[in-house]
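The values are calculated or read from the model by the stated rules, or taken from the named source; none is laboratory data. Note that this is a predicted model, so its numbers are computed, not measured. Here the Cβ positions follow ideal geometry from the backbone for every residue, glycine too, while neighbour counts run over all protein chains shown. The accessibility values were calculated without ligands, DNA or RNA, using every heavy atom of the protein model including side chains. Shrake-Rupley method; radii C 1.70, N 1.55, O 1.52, S 1.80 Å.
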Amino acid sequence: MNASTAVTVEGFVAESLVTHGRDPRHLLQHLIRVQQRFSCVPDAAVEALSAALDVTRTQVRAAIAFYAFLHERPRGAFEIRFSDNITDRMLGSRRLIRLLIERLELSGLPAWGRDLIRDDGRVSVGLASCTGMCDQGPALLVNGQAVTNLDAQRVDRIADLVQEGIPLERWPGEFFRVENNIRRHGLLLSNPANDGAALHRLIDEGADDALAEVERSGLRGRGGAGFTTAIKWRFCREAPGIDRYVVCNADEGEPGTFKDRVLLTDYADLVIEGMTVCAGVIGARRGFLYLRGEYRYLLPHLESVLQRRRAEGLLGTMILGRDGFDFDIEIHLGAGAYICGEESALIESLEGKRGVTRKRPPFPVTSGFDDQPTVVNNVETFLAAARVVQWGGYWLRGEGTDQSAGSKILSVSGDCAWPGIYEYPFGTPVHQVLSDCGAENTQAVQISGAAGATLSPADFDRIIAFEDLPTAGSFMIFDDSRDLLDMVRNFAAFFAHESCGFCTPCRVGGALLRNLVEKVAAGQGSEYDLSEMRHIGAVMRQASYCGLGHTAPNHVLNTLDKFPQIYRRRLEREAHTPSFDLDSALSEARALTGRDDIGAHIRAQIPEGSEVSA
Amino acid sequence: MVEKPRVATASLCGCFGCHMSLLDIDERILQLVDLVTFDRTPLTDIKTLGDCDLGLIEGGVANAENVEVLREFRRCCKTLVAVGACAVNGGIPAMRNQFGLAECLRESYCEGIGVHNPGIPNDPEIPLLLNQVHPIHEVVAIDYVLPGCPPSADAIWTFLTELLEGRPIAFPYTQIHFD
Ligand SMILES: Cc1cc2nc3c(=O)[nH]c(=O)nc-3n(C[C@H](O)[C@H](O)[C@H](O)COP(=O)(O)O)c2cc1C
Ligand code: SF4
Ligand code: SF4
């Protein structure tokens, strides 16, 4: 490590500017590189970037403050972040965090936004939102690289490697192995082969024909909202603009979702082909793949696929020899912000800024990247689109339901024998997924991630389809040994942490919900708190500015309806309980005055009705 | 004769500004005493609290006595209202939450300019301060909040008259804009 430390911050920034350019929209990408190299973004880098890119210091600092993986002050030379999704916890991550902390002689426990940093600067331990390794967790990130399948032995070994200062390149390779775990192949997964067939068809039959096939297929977005893909492409194609852009949303931040990771690992060619076809249809010359920071290990692989496709004439200038068909793709990294999966926040982030949602309308199809017409689609959507253009719209319609053509790829995790990737025709009931993955005694399923819906056994006959249970793919299973309040606590903390802070219902409501959930969990809650949770949840749904705030209270409201006992059995008898412990709130005054008389204490409230009023 | 609704008020950790604002309804106070009977309130100087229909609380919760008074109000009043920024949010007194209690007391009673006989008072007569100042809804359930520092006399009047008449409470814009 030492030899390379000699590189000065200024020198490093200068080099980054030479290789990656001075477009102010590359700010975030430069910051990520600096962070990577120096375990923080030192003041000198802020100065240098602000001068070179002509953005204000405040803008640079605002970006650093916004993204969870960027820091103004150094974390450890080994920056360790445990994935803190509920599925990691169910696999024992809390115990492993404690073990590592003990081995590294740190004290306390990391919390959201509070990392433990060792005095010698060697190592820090913190938390990360779901890192997308739920089928092979518990997982962590060390200097941004994913480590999977943690157990006590592995954590022990990591502690040794850190103590000995062994650079990551020399850590055992199996630590970084990420499995695909594809358990059920359907329409899309059964055939990874790709030879540019969709592009050939596009060139042979023309863009109108390609768009007609997408239209015929009824393909709807796989990223959650389910907007009809052909309509999106057509709007973008017809919108006035100087340039057009294609953006692949590979942010995959929804807890419990990891199918895009697998698609980018084994089906990257098809995803890129889908983007290229889209470019041909809408007339775009530039595209971006926005890859979540947690998947940075995929970067070399993806770059090599892009490079190969350029060599094969499937990307770049004059694609397949066609004059004027120029399209190329840049990969942009995220830096740990769930909200950047929301398309307008994603575009802000692509432009190098904080990932704060934009006002809509205008929607990205008319005013997206650089205020130009932009298509944003999920990874799986592009993959399906490539096949649709290759094999025709009816091919997709061959399975699925009325309003949900084709298949859906699920990321299955939690209490089951075979977690992993399952592709099903739309219309498949929940119970079928459960029996295929070997789930037993299932108490609940959280479908479509923390933002999705909580299902009780009464819902297990319902079907996965936009008509009934829409899903972005996350499918987390909880058996009857689990306390579902642990899930609620995890999600409530997640949303409070991930709120971008722009609007009050979500920023404040999320924090209030988290506090109330914690109050109930601590056995200090009352009926009144439950009604407050409902009330705050309803306001968040109604008044939040974007989808994050609209969906953040779902898990609380769903479990209050379907699993009221997880709250009820912890309630105090009173109708209302204080939000803090009254008697301990006098502790400092007692200590300062040395008093301990009866007036120096506040007794617990006597339940209403059992006391004669004064 | 139908009994008039009984109203009680208290100032916890506030500046009495909210009570002053209530008095700012001027001659309408005469209408008010026709409409209601005052129970415990600094306006009547009655010190004991009976069963009431309405309780108005000014100020946040800063010491043990505030807790006691507030709980008693909750027990006795059918409807309890947080009046003013201090009751609603903790307000000005909650600015001390930025500092430790020890720091505050030392500054006031030991190290501040012009302090004689330095020492933190510890007479059992004096209620102990809580570590932090809290809004009243963190201690008891409340039914309405009336924000403002203080809420204007007109806003208080609108609130009281509409509540007493059992109407849904709605304020004209001029009463709730603060700029
Ligand atoms: C808070 C939030 C997070 C989101 N995260 C993702 C994501 O990680 N991946 C994704 O494809 N879409 C995500 N979306 C949906 C996108 O905004 C957008 O609808 C989607 O990328 C459109 O692509 P599609 O039509 O192919 O589904 C998110 C939306 C919200 C509100
Ligand atoms: S709802 Fe939440 S994430 Fe969305 S804009 Fe408001 S604060 Fe930001
Ligand atoms: S809200 Fe304002 S006027 Fe009312 S008690 Fe507090 S400081 Fe005084």
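Shielding value for A:581-587 is 5, the average number of Cβ atoms from other chains within 10 Å of each residue's Cβ. The distance linking the stretch A:451-478 with the stretch A:400-444 is 9 Å (Cα centroid to Cα centroid, whole angstrom).
Solvent-accessible area of A:Leu314, all protein chains in place: 10 Å² (probe radius 1.4 Å, heavy atoms, ligands and nucleic acids excluded). Note on the protein assembly as shown: dipole from Cβ charges, positive end direction compared against A:Ala68, A:Pro364, A:Thr8; the farthest Cα belongs to A:Thr8. The alpha carbons of the stretch A:411-451 occupy a box of 24, 24, 17 Å along the principal axes, longest dimension given first. Restricting attention to the protein assembly as shown, close to 40% of DSSP beta bridges with both partner residues there are antiparallel.
In Å, the Kirkwood hydrodynamic radius of the stretch A:78-179 over pairs of distinct alpha carbons?
On the way: mean 1/r = 0.0752 Å⁻¹.
Computed over the stretch A:78-179, the radius equals 13.3 Å.
So what's the Cα pair-distance distribution over the stretch A:427-531, bin width 10 Å, in %? Result returned by the calculation: 14, 37, 32, 17, 1. Based on the Stokes-Einstein relation at 20 °C and a viscosity of 1.002 mPa s, and on the Kirkwood radius from alpha carbon pairs, the stretch A:485-568 is assigned a translational diffusion coefficient of 174 µm²/s.
On a full-extension model of 0.36 nm per residue, what is the gain between A:Gln163 and A:Glu330, subtracting their alpha-carbon distance, rounded to one decimal in nm? Please list the in-between numbers first.
On the way: separation 167, 0.36 × 167 = 60.12 nm, distance 3.77 nm.
This chain segment gains 56.3 nm when fully extended.
Projecting label points 7 angstrom from Cα along Cα→Cβ for B:Lys78 and A:Gln307 puts them 8.0 nm apart. With N counted as the residues of the stretch A:259-337, its alpha-carbon radius of gyration over 2.2 N^0.38 Å works out to 1.10.
Chain B: percent of C-alpha pairs farther apart than 24 Å? Write out the running numbers ahead of the final one.
On the way: 6507 of 15931 pairs.
Summing the P(r) tail past 24 Å for chain B gives 41 percent.
Take each residue in A:589-602, count the other chain C-beta atoms within 10 Å of its C-beta, and the mean is 5. Using alpha carbons only, the radius of gyration of the protein assembly as shown set against its Kirkwood radius gives Rg/Rh = 1.03.
Going through the stretch A:14-72, which trypsin sites (Lys or Arg not before Pro) have at most 16 other Cβ atoms within 10 Å and a DSSP loop state? Don't skip to the answer; put the middle values down first.
Numbers: sites: A:Arg22, A:Arg25, A:Arg33, A:Arg37, A:Arg57, A:Arg61; in loops: A:Arg22.
Sparse-neighbourhood loop trypsin sites (Lys or Arg not before Pro): A:Arg22.
Taking every DSSP beta bridge that has both ends in the stretch A:407-482, the antiparallel portion is near 75%. Each part gets one Cα centre, and for the stretch A:258-302 versus the stretch A:319-376 those centres are 13 Å apart.
The magnitude of the dipole of the protein assembly as shown, with charges of +1 and -1 set on the Cβ of Lys/Arg and Asp/Glu and taken from the Cα centre, is near 1120 debye.
Over chain A, what is the relative contact order in whole percent, taking alpha-carbon pairs under 8 Å and six or more residues apart? Provide the component values of the computation, followed by the final result.
Details: 1176 pairs, mean separation 76.7, N = 614.
Taking the mean separation of contacting Cα pairs over the length of chain A, I get 12 percent.
Hey, any idea what the orientation-averaged projected area of the convex hull of the stretch A:407-482's Cα atoms comes to, in nm²?
Numbers: hull surface 16.9 nm².
Averaged projected area of the stretch A:407-482's Cα convex hull equals 4.2 nm².
Using θ = phi - 60° in the Karplus curve 6.51 cos²θ - 1.76 cosθ + 1.60, the 3J(HN,Hα) couplings for the stretch B:75-91 round to 5, 8, 9, 5, 10, 10, 10, 8, 10, x, 4, 5, 5, 6, 10, x, x Hz; x is entered for Gly and Pro. Once divided by 2.2 N^0.38 Å, the Cα radius of gyration of the stretch A:203-285 becomes 1.16.
Using only Cα atoms, what Kirkwood radius does the stretch A:184-397 have, in angstroms? Please report the intermediate quantities before stating the final value.
Details: mean 1/r = 0.0594 Å⁻¹.
In the stretch A:184-397 this quantity evaluates to 16.8 Å.
Separation of the stretch A:137-152 from the stretch A:55-92 is 15 Å, based on Cα centroids.
Between the listed residues A:Leu306, A:Ile347, A:Ala197, the Cα displaced farthest toward the positive end of the dipole of the stretch A:184-397, a dipole computed from Cβ unit charges relative to the Cα centre, is found at A:Ile347. Rounded to whole Å, the principal axis extents of the Cα atoms in the stretch A:3-66 read 32, 23, 16, largest first.
For the stretch A:318-423, the alpha-carbon radius of gyration amounts to 1.37 times the rule-of-thumb value 2.2 N^0.38 Å expected for a compact globular protein. Spin-label pair A:Asp402-A:Asp323: with each label point 7 Å from Cα along the Cα-Cβ axis, the two points sit 5.0 nm from one another.
Could you calculate the FRET efficiency of A:Asp483 with A:Gln145 from 1/(1 + (r/R0)^6), where r is the beta carbon distance between them and R0 is 25 Å, rounded to 0.05? After rounding, the FRET efficiency stands at 0.15.
Would you work out what percent of the accessible area of chain A, with all protein chains in place, is carbon or sulfur (probe 1.4 Å)? Working shown, then result.
On the way: 11740 of 23700 Å².
Result for chain A: 50 percent of the exposed heavy-atom area is carbon or sulfur.
Estimated from helices alone, the mean residue ellipticity of chain A at 222 nm is -12000 deg cm²/dmol (sum of -39500 (n - 2.57) over DSSP H runs with n ≥ 4, per residue).
Projecting the Cα positions of B:Leu80, A:Val178, A:Ala335 onto the charge dipole of the protein assembly as shown (unit charges on Cβ atoms of Lys, Arg, Asp and Glu, taken about the Cα centre) puts A:Val178 furthest along the positive direction. Annotation: A:Leu70 carries an accessible surface of approximately 10 Å², with a 1.4 Å probe and no ligand, DNA or RNA atoms counted.
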